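Asker: Pasting a structure here, questions to come.
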Amino acid sequence: MATYSVDLRQKILQAYERRLGSQRAIADVFGVSLSFVETLLRRHRTTGEVAPKARAGGQRSRLDAAAQSQVRGLVRDQPDATLAELCARMAAETGIRVSVPTLCRVPQRLGLPRKKSRFTPRNVTRRGSSRHERSTKRSSTPSISGAFGSLMSPASTSR
């Protein structure tokens with residue numbers, strides 16, 4: 001959710017200081033929630049600030065620049081390696097254990113291609129359901145149009 005502007009926050013604070021209404025009435029007038037007004041007033045009382053807090057950046061990557069260059073080298077040496085194989089080689093060579101999704105994001109950030117060799121054997125596991133395979137196979141029993149094809153000639157069907 002987007003943060004509210006500093007201008008709106010200041011207007012809410014001014015309305016409360018001028019006693020233009022209760023917190024609930026001010027929230028209704030400005031189209032914000034009551035909890036936002038309460039939080040804003042509490043923050044202004046404790047810190048004197050009305051600006052939104054800075055957002056946290058999330059977790060840092062376990063792979064620093066050196067480890068990312070190591071991944072680049074591993075992909076260059078063996079471009080047909082799967083992500084699981086790259087994870088195993090990373091753990092063996094650097095001692096850093098990462099998950100497959102983490103290692104999937106690194107080549108994307110580095111701009112490395114996902115294209116594998118055309119000569120790599122296909123995966124044995126087939127995609128899709130077995131019902132799809134059954135519906136695309138030809139059945140051994142003749143179809144109705146095949147069995148009665150001579151009876152349903154274009155001349156006999158037109159009136």
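Asker: Among the residues of the stretch 71-80, count how many are surrounded by 13 or more Cβ atoms within 10 Å (Cβ to Cβ) and either touching a Leu at 6+ places or on another chain (Cβ under 7 Å) or not in a loop (DSSP other than H, G, I, E, B) (or both). Before the answer, list the steps.
Answerer: Here is the first cut: in the stretch 71-80, the residues surrounded by 13 or more Cβ atoms within 10 Å (Cβ to Cβ) are 71-72, 74-75, 79.
Narrowing the set further to residues that are either touching a Leu at 6+ places or on another chain (Cβ under 7 Å) or not in a loop (DSSP other than H, G, I, E, B) (or both) leaves 71-72, 74-75.
The number of residues fulfilling the criteria is 4.
Asker: Inspect all residues belonging to the stretch 86-100 and state whether any of them is touching a residue at least 40 places away in the same chain (Cβ under 8 Å) and not in a loop (DSSP other than H, G, I, E, B). Even if it seems obvious, please write down each step before you answer.
Answerer: Pass one, the stretch 86-100, residues touching a residue at least 40 places away in the same chain (Cβ under 8 Å): none.
No, because not a single residue in the stretch 86-100 is touching a residue at least 40 places away in the same chain (Cβ under 8 Å) and not in a loop (DSSP other than H, G, I, E, B).
Asker: If you don't mind, there's one more thing I want to ask. Within the stretch 63-76, work out how many residues are more than 16 Å from Gly95 (Cβ to Cβ), touching a helix residue (DSSP H, G or I) at 6+ places or on another chain (Cβ under 7 Å) and not hydrophobic (A, V, I, L, M, F, W, C).
Answerer: Residues flagged as more than 16 Å from Gly95 (Cβ to Cβ), touching a helix residue (DSSP H, G or I) at 6+ places or on another chain (Cβ under 7 Å) and not hydrophobic (A, V, I, L, M, F, W, C) within the stretch 63-76 amount to 1.
Asker: So which of Arg45, Arg60 is without any contact (Cβ under 8 Å) to a residue 60 or more places away in the chain, exposed (fewer than 12 other Cβ atoms within 10 Å of the Cβ) and either touching a helix residue (DSSP H, G or I) at 6+ places or on another chain (Cβ under 6 Å) or not in a helix (DSSP H, G or I) (or both)? Break it down into steps so the answer makes sense when it comes.
Answerer: Working: Arg45 fails: either touching a helix residue (DSSP H, G or I) at 6+ places or on another chain (Cβ under 6 Å) or not in a helix (DSSP H, G or I) (or both).
Every option except Arg60 fails the conditions.
Asker: Does Ala67 satisfy being loosely packed, with under 10 Cβ neighbours inside 10 Å and within 29 Å of Arg105 (Cα to Cα)?
Answerer: Working: loosely packed, with under 10 Cβ neighbours inside 10 Å: no; within 29 Å of Arg105 (Cα to Cα): yes.
No; evaluated as a whole, the condition is false for this residue.
Asker: When you look at Ala51, is it in a loop (DSSP other than H, G, I, E, B) and surrounded by fewer than 10 Cβ atoms within 10 Å (Cβ to Cβ), yes or no?
Answerer: On the way: in a loop (DSSP other than H, G, I, E, B): yes; surrounded by fewer than 10 Cβ atoms within 10 Å (Cβ to Cβ): no.
No: the conditions fail for Ala51.
Every number in this text was worked out from the coordinates using simple rules, so none of it is lab data. Everything numeric here is computed off the predicted structure, so don't read it as measured data. Glycine gets a Cβ as well: all are built from the backbone with ideal geometry, and neighbour counts include every protein chain shown.
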